[in-house]
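Before any comments, here is the structure.
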Amino acid sequence: PDNSSNSYLDFWKQFSISQEELEHNKIYPIKKLYINDNLIPNYSNNVRFAFIVEYDDVSYKKIYTPFAKNKKFKWISNVPLYIPFGFNSLPYNSDTLIITKAQKDRIIFKKYFTDVIGLQNESIGALKQKTINYLKKRYKRIYINTDLDTAGKKALEHYISIGFEPLMLPDLFYEKYGIKDVGDF
């Protein structure tokens, strides 16, 4: 894959994410998408990306079309919900873990913190109890960062109830400016 195309890189530059960070995190632009040998059209010629997630010697793919007109086609994935981004590459350099929603937010947090994972989404099923138990044994503090919207707030309540500490932007950011996550910020 060629990450040098300006339109592809321009999307990530707005979040201060570099080509090197994309390659390091196995995020690649895709020009054509086939599922079961069927071409999935991209009528608006939107940028599309493949996120490669490796877990237990299996390679999964999550396709991201950020400007898809139909939100149901924004994400196409065979990554099991319970596999966090970055789990297999945790360096265990800290006694503190940050869990955020999404690979994009994970990459942003990784600029400042060593031990960060990103959830596939904010649902309760995004982390298995086995994984939660493992992380609690490994880390003294676990921070959770969700979106500031209704779904994010609901998820935040759940994760606080199981002992994670909130690491959130102020509510005012969403209420006044529509900023719901660190990527928007």
For the range 91-185, the percent of accessible surface on carbon and sulfur atoms (probe 1.4 angstrom, ligands and nucleic acids excluded) is 55 percent
Heavy-atom accessible area per residue of the range 1-78, all protein chains kept, 1.4 Å probe, expressed in Å², is 66 Å²
Computed ³J(HN,Hα) along the range 165-178: with the Karplus parameters 6.51/-1.76/1.60, θ = phi - 60°, integer Hz and x for glycine or proline, the list is 9, x, 9, 10, 6, x, 3, 3, 4, 7, 5, 9, 10, x
Taking 0.36 nm per residue of separation between TYR112 and LYS26 and subtracting their Cα-Cα distance, the length gained on full extension comes to 29.0 nm
Of all DSSP beta bridges with both partners in the chain, the antiparallel percent, nearest 5, is 60 percent
In nanometres, the difference between 0.36 nm per residue of separation and the alpha-carbon distance of SER89 and LYS140 is 16.5 nm
Of ASN78, ASN145, ASN25, the most mobile residue in a GNM of the chain (C-alpha springs, cutoff 10 Å) is ASN78
Out of GLN103, GLN19, GLN120, a Gaussian network model of the chain with alpha-carbon springs under 10 Å gives the largest mean-square fluctuation to GLN19
Within the set LEU97, LEU127, LEU156, GNM on the chain using Cα springs under 10 Å gives the largest fluctuation to LEU127
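The values are calculated or read from the model by the stated rules, or taken from the named source; none is laboratory data. Values in this document were obtained by computation on a predicted structure and should not be read as measured data. Note: accessible area is taken over every heavy atom of the protein model, side chains too, but ligands, DNA and RNA are not part of it. Shrake-Rupley method; radii C 1.70, N 1.55, O 1.52, S 1.80 Å.
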